[in-house]
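Note sheet for the following structure.
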Amino acid sequence: MITLDKLHPHKGAKRNKKRLGRGRASGLGKTAGKGMKGQKSRSGGGVRPGFEGGQMPIYRQLPKRGFKNPFRKIFGIINVGALEEKGLEGQVDLARLKELGMIGKRYSLLKILGEGELKTPLEIKAHAVSKTARAKIEAAGGKIEILGDEA
């Protein structure tokens, strides 16, 4: 039977660390395995990642792609079904959903989508609402207030 006191690594599995520059007798003295002269033998020597010896690197040869819109609006989205599951009542807005942990802190805009069923009448304040969500909220007897982009 194997017990913890009998466990040990296989023979040859553990090796001592190379001790560089500790005298000629060690076999790794003097130049410490770095050879003679040159950039790679110096302290801090070597080339940065992507350096191709002065040739134009591949990442500069390839064209840039796409466009990042600096004015993009990032909405925190939530489905009406999730509001029903959580058992929310009364007024629902971005601050309350953040408080409950249903929407991340980084979002400053709220969009309601229509997946799931809604039976509770809710008073929703959001920046955007899908058509199906609007229909389901109003069918349940709720109200929707569309907020301006304060973000």
Scaled radius of gyration (Cα, divided by 2.2 N^0.38 Å) that the stretch 75-146 gives: 0.95
How do Ile144, Ile78, Ile112, Ile103 rank when sorted from fewest to most other Cβ atoms within 10 Å of their own Cβ? Ile144, Ile103, Ile78, Ile112
For the chain, whose charge dipole is built from +1 on Lys and Arg Cβ atoms and -1 on Asp and Glu Cβ atoms, the candidate among Gly54, Ala135, Gly148 with its Cα farthest towards the positive end is Gly54
Take the chain, mark every one of the chymotrypsin sites (Phe, Trp or Tyr not before Pro) that falls in a DSSP loop and has at most 13 other Cβ within 10 Å, then report the longest stretch left between them, sites excluded. 72-151
Given contacts defined as C-alpha pairs under 8 Å and at least six residues apart, what's the relative contact order of the chain, whole-number percent? 15 percent
Averaging sequence separations of C-alpha pairs under 8 Å and six or more residues apart, then dividing by the length of the stretch 75-146, give the relative contact order as a whole percent. 36 percent
How much length, in nm to one decimal, is gained on full extension between Arg96 and Asp5, taken as 0.36 nm per residue of separation minus their Cα-Cα distance? 27.2 nm
Ordered by number, the GluC sites (Glu not before Pro) in the stretch 60-151 that occupy a DSSP loop and have at most 16 other Cβ atoms within 10 Å are Glu89, Glu115, Glu117, Glu150
Projected area, mean over directions - the chain, Cα convex hull, nm²: 22.5 nm²
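Here, each number is a calculation from the coordinates, and none is a lab measurement. Computed from a predicted model, the values in this text were never measured in an experiment. Cβ: placed from backbone, ideal geometry, glycine included. Neighbour counts: every protein chain shown.
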